[in-house]
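Asks: I have a structure here, written as structure tokens, and I will follow up with some questions on it.
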Amino acid sequence: MTLDPGGMETRKRRHIDVCLSEDVDFQTVTTGLERYRLPYNALTQTDLGSIDLATDFLGTRLRAPVLIGPMTGGAELSGTINRNLADAAQQLGIGMMLGSQRIMLDNGAASSTFRVREIAPDVLLIGNIGLTQLTPDIVPALVEALDRVNANALAVHTNPLQEAMQHKGDTDFSGSIARLREIAGTIGYPVMLKEVGHGIGAAAAAELVDCPIAAVDVAGAGGTSWARVEQFVRYGEIRYPALAEWGIPTAQAILEVRRELPGVPLVASGGIRTGMDAAKALALGADVVSLARPLLAPAIESPAAVVDWLQRFIEELLICLHGCGAADLAELRDRGVSPM
Ligand SMILES: Cc1cc2nc3c(=O)[nH]c(=O)nc-3n(C[C@H](O)[C@H](O)[C@H](O)COP(=O)(O)O)c2cc1C
């Protein structure tokens, strides 16, 4: 048995290194959230100390509408990262996604880097697999991997652009919608479909109208560009700048998915960096927000560093609700946003 099938562990480690050392943000594309203003109300009737950020998502109560985005698992450092993120999520009462569990399917020893349930008994914990790997023959092993980490749900990431940029990436997406439809309805875990930072927009959302998925995470453009990360990993430089800047900006993706799927539980992610970004995304129609790369360095440091980062973010979100006269998330949605 090889301990690093397909060099997956090495690649995961390179992703972490590149995300920490290179400028992997979109260079020209923005989330589009800066084009909206949250309405400020000088006569707010709210008490900042009583603002309620709590919400239910995929059957779990969250103290704030925030999920830690999936980042890693498998490589040795990943265990530390996942445990520190989970510890912070438990302290803050928010949710957490694990990185792709593909490595667990081939390498039992990798499981330990995903094991966080003991540290985070109450968090909404979402497992992860790529859409191209989601075939009927892996379902038993995938269910076992989800059971083993005690996940509440499964996120399936669809990432055709990332895979196309990757050396020996999985580039055959034919039949993937049909497989998603079949497996999402039978796997026994709620399934959320997500991108990785290039965005789920109207065309993809239209395919999901009759699909038994439990949620969508738009993972739009404007934050980390995975077409950029993969070029740094593969070539040490950006060879295809236009591809690195391709995607559906997060604000646009939220509006398009909401229009196609009005009732679907919706995560806004991709370039969410501040409490104000979060407030605008929630006012535009998302139910919760998620962020990944800003938490990578704090997660390597300590649980306290992650808590510190997220507490500041949540504090800013609280002040946003207060300043627009919203006592809770439903009222924030009612306030909406206005174009700049
Ligand atoms: C180091 C790192 C590893 C990631 N690995 C995964 C993964 O395994 N599965 C996944 O669905 N998304 C993965 N992502 C993508 C993020 O979850 C997120 O969708 C993307 O980075 C955009 O969000 P951001 O701008 O807040 O970083 C990863 C992101 C980072 C920074």
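Read the figures in this text as sums done on the coordinates, not as results from a lab. As the structure is a computational prediction, the values presented were derived from the model and not from experiment. So basically every Cβ, Gly included, is an ideal-geometry build from the backbone, and we count neighbours across all protein chains shown.
Asks: Tell me the trypsin sites (Lys or Arg not before Pro) within segment 145-239 that lie in a loop according to DSSP and have at most 16 other beta-carbon atoms within 10 Å.
Replies: Counting only loop positions with at most 16 other Cβ atoms within 10 Å, the trypsin sites (Lys or Arg not before Pro) in segment 145-239 are Lys168, Arg239.
Asks: Ok, one more. Rounded to the nearest 0.05, what FRET efficiency do Gln27 and Ala109 give with R0 = 35 Å and r taken as the Cβ-Cβ distance? Could you check?
Replies: 0.35
Asks: Angle check, please: helix 303-323 long axis (alpha carbons) against the longest principal axis of the chain (alpha carbons), in degrees 0 to 90, nearest 10.
Replies: Rounded to the nearest ten degrees, it is 30.
Asks: By how many degrees, 0 to 90 and rounded to 10, does the Cα axis of helix 226-235 deviate from the longest principal axis of the chain?
Replies: It works out to around 40 degrees.
Asks: Would segment 196-340 count as rounded, prolate or oblate if I go by the C-alpha gyration tensor, calling it rounded below 1.5 in a/c and otherwise prolate when a/b exceeds b/c, oblate otherwise?
Replies: Because a/c hits 1.5 or more and a/b fails to exceed b/c, segment 196-340 counts as oblate.
Asks: I need the calculated FRET efficiency for the pair Ile138 and Ser338, taking r as the beta carbon distance and R₀ as 41 Å, to the nearest 0.05.
Replies: FRET efficiency, Ile138 to Ser338: 0.30.
Asks: Using amide H atoms built 1.01 Å from N in the peptide plane, name the residues 5+ places from Gly325, or on other chains, whose amide H lies under 5 Å from its own.
Replies: Long-range HN contacts for Gly325: Asn41.
Asks: So which GluC sites (Glu not before Pro) in segment 136-239 end up in coil per DSSP with only 12 or fewer other C-beta atoms within 10 Å?
Replies: Glu237
Asks: Here's another thing I want to ask about it. Can you tally the net charge around Glu163? Count Lys and Arg as +1, Asp and Glu as -1, for every other residue whose Cβ sits under 10 Å from the Cβ of Glu163.
Replies: Taking every other residue near Glu163 into account, the sum is -2.
Asks: What does the net charge come to around Met192 if you take all other residues with beta carbon closer than 13 Å to its beta carbon, with K and R at +1 and D and E at -1?
Replies: -2
Asks: Classify segment 133-197 as rounded, prolate or oblate from the Cα gyration tensor: take a ≥ b ≥ c as the square roots of its eigenvalues, call it rounded if a/c is under 1.5, otherwise prolate when a/b beats b/c and oblate if not.
Replies: It is prolate, given that a/c is not under 1.5 and a/b is the larger ratio.
Asks: Another question about this same structure. Quote to one decimal, in nm, the extra length available between Thr186 and Ala54 on full extension: 0.36 nm per residue of separation minus the C-alpha distance between them.
Replies: 44.5 nm
Asks: Cα centroid distance between segment 314-340 and segment 161-240, in Å?
Replies: Between the Cα centre of segment 314-340 and that of segment 161-240, the gap is 30 Å.
Asks: Once phi is turned into θ = phi - 60°, what whole-Hz ³J(HN,Hα) does the Karplus curve with 6.51, -1.76 and 1.60 give for every residue of segment 148-161, x standing for Gly and Pro?
Replies: 5, 8, 6, 6, 9, 7, 10, 9, 9, 9, 9, 8, x, 6
Asks: In whole angstrom, note down how far apart the Cα centers of segment 105-124 and segment 1-70 are.
Replies: Cα centroid to Cα centroid, the span is 21 Å.
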